[in-house]
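The values are calculated or read from the model by the stated rules, or taken from the named source; none is laboratory data. All figures in this text were calculated on a predicted structure; none of them were measured in a lab. Virtual Cβ from ideal backbone geometry, glycine too; neighbours counted across all protein chains shown. The accessibility values were calculated without ligands, DNA or RNA, using every heavy atom of the protein model including side chains. Shrake-Rupley method; radii C 1.70, N 1.55, O 1.52, S 1.80 Å.
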Amino acid sequence: MTENKIFIFDTTLRDGEQVPGCKLNMDQKIEIALKLEELGVDVIEAGFPVSSPGDFQSVEAIANTVKNVTVCGLSRAVEKDIASAAEALRKAKYPRIHTGIGTSSIHIEHKLKTTPEDIIERAVQAVKYAKSFVEDVEFYAEDAGRTNNEYLARVIEAVIKAGATVLNIPDTTGYCLPEEYGMKIRYLKENCKGIEKAILSTHCHNDLGLATANSIAGIQHGARQIECTINGIGERAGNTSLEEVVMIMRQHQYLGFSTGIKTQLLYPLSQLVSDKMGMPVQPNKAIVGANAFAHSSGIHQDGVIKKRETYEIINPSDVGVDESKIVLTARSGRAAIAYRAKQIGYDLTKDRLDKVYAAFCISQTVKRK
Ligand code: KIV
Ligand code: ZN
């Protein structure tokens, strides 16, 4: 393993599936899990087994099906949750239990109605109990984004001592700024005894549109796992989008990060998840949106026709999109008309092009009225 390999933890089937009205059945989940395995993710969070019999069965079925990827089940820091996750993961080749508890003052006082010391005790007991079933235990400090760094470091140090191997630092409410989130990761790296034996993980929500930026800041400051979903789906405004963080690392290779993702499979998988969930991808979505490689203004079209890289930083085939699109709009110029005509078999002379272009302009004016 190189020091800068970033593990991709996909939670499309758990956090992603929390999108209202987007429930998947077991066969659909298995189909998506197999595609995630093919894509090259390192961990699939398959569900929250104690939450419903359906979730339990799906985690179990996925654990029994995929072979080259870690399968993870979520639990609260509660014995029955952890035992249920362990049971669902029984046949997994690489099982991981993901357990945790809220650590911010607002969660401790108002949701859990307890004390910071009790939270540490419960966290430690949960990790020890999970450890009695599996070697690979990930701990999440819910609402870490709004948790005081000194207290968070105490929690993290205690759970590492109890056996946690991956430490998830969720920005549960999508509150942090990238610099703030990055410094939180760095603070933990510099202030938790035993942290060198463990992996710090980012899990950023998108309430302020900063999930991707925060995840990248996290790895720049020492995290080595990113939790994310296909199309960025998830609770409320969603999670970090897998395709965005992967392509950022690929397009900025000087950062020195690598992943095992086969990027050519990104677009087909984005479409599959969108179809199965009945959740359209917004057209302007980075990497996988319908307009991500579409050019509509005359100036851009002229540039792209002359050299694609003038207005595209990603080759569409690198993410499984067939080709860039030149869309004829009221803002298109002669270059786009000539290009489109050629595509459908007409090599226009200058005179013909002038005529076609004039007719096209009239059609666009009429359309606008
Ligand atoms: O956002 C969050 O804090 C979570 C945890 C359960 C990991 O999804
Ligand atoms: Zn989450």
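Only one of the numbered conditions (1) in contact with a strand residue (DSSP E or B) (Cβ under 6 Å, 6 or more places away or on another chain); (2) part of a helix (DSSP H, G or I); (3) over 24 Å from residue 211 (Cα atoms) is violated by residue 28, and that is (1).
For residue 335, the criteria (1) under 30 Å from residue 29 (Cα atoms); (2) open to solvent by less than 40 Å² (accessible area, probe 1.4 Å) hold in every case but one, which is (1).
Would the stretch 113-121 turn up any residue that is under 28 Å from the mean Cα position of the chain (by Cα), of a type in the set (A, V, I, L, M) and assigned by TED's automatic domain parsing to the domain that holds residue 193? No; the residues of the stretch 113-121 include none that is under 28 Å from the mean Cα position of the chain (by Cα), of a type in the set (A, V, I, L, M) and assigned by TED's automatic domain parsing to the domain that holds residue 193.
Note on the stretch 1-25: residues that are open to solvent by 40 Å² or more (accessible area, probe 1.4 Å), modelled with pLDDT of 95 or more and part of a loop (DSSP other than H, G, I, E, B) amount to 1. Among the candidates 241, 215, the residue that is over 19 Å from residue 22 (Cα atoms) and either of a type in the set (A, V, I, L, M, F, W, C) or crowded, with 24+ Cβ neighbours inside 10 Å (or both) is uniquely 215. Any residue that is at positive phi, open to solvent by 10 Å² or more (accessible area, probe 1.4 Å) and assigned by TED's automatic domain parsing to the domain that holds residue 163 - is there at least one of those in the stretch 29-43? Yes. If I ask for residues that are more than 13 Å from ligand 1 (Cβ to nearest atom), open to solvent by 10 Å² or more (accessible area, probe 1.4 Å) and within 25 Å of the chain's Cα centre (by Cα), which ones from the stretch 144-159 would you list? Passing the criteria: only 149. The condition of being of a type in the set (Ser, Thr, Tyr), within 16 Å of ligand 2 (Cβ to nearest atom), in a helix (DSSP H, G or I) and modelled with pLDDT of 95 or more holds for only one of 175, 181, 187, that being 181. Only one entry of 141, 164 meets the criterion of being within 16 Å of ligand 2 (Cβ to nearest atom), buried (at least 24 other Cβ atoms within 10 Å of the Cβ) and not in a helix (DSSP H, G or I), and that entry is 141. Could you go through the stretch 172-192 and let me know if any residue there is open to solvent by less than 20 Å² (accessible area, probe 1.4 Å), assigned by TED's automatic domain parsing to the domain that holds residue 63, within 17 Å of residue 74 (Cβ to Cβ) and not basic (Lys, Arg). The answer is no, given that none of the residues of the stretch 172-192 is open to solvent by less than 20 Å² (accessible area, probe 1.4 Å), assigned by TED's automatic domain parsing to the domain that holds residue 63, within 17 Å of residue 74 (Cβ to Cβ) and not basic (Lys, Arg).
Has the stretch 44-59 got any residue that is open to solvent by 20 Å² or more (accessible area, probe 1.4 Å) and either under 21 Å from residue 271 (Cβ atoms) or touching a residue at least 40 places away in the same chain (Cβ under 8 Å) (or both)? There is no residue in the stretch 44-59 that is open to solvent by 20 Å² or more (accessible area, probe 1.4 Å) and either under 21 Å from residue 271 (Cβ atoms) or touching a residue at least 40 places away in the same chain (Cβ under 8 Å) (or both). Quick check, is residue 352 open to solvent by 60 Å² or more (accessible area, probe 1.4 Å), modelled with pLDDT under 95 and farther than 30 Å from residue 252 by Cα? When the stated conditions are applied, residue 352 does not pass them. Scanning the stretch 230-245 for residues that are of a type outside the set (S, T, N, Q) and not in a loop (DSSP other than H, G, I, E, B) yields 230, 232, 242, 243, 244, 245. Do we have residue 73 as within 15 Å of ligand 1 (Cβ to nearest atom) and either outside the structural domain of residue 270 (by TED's automatic domain parsing) or at pLDDT 95 or above (or both) here? Taking the combined requirement at face value, the residue satisfies it.
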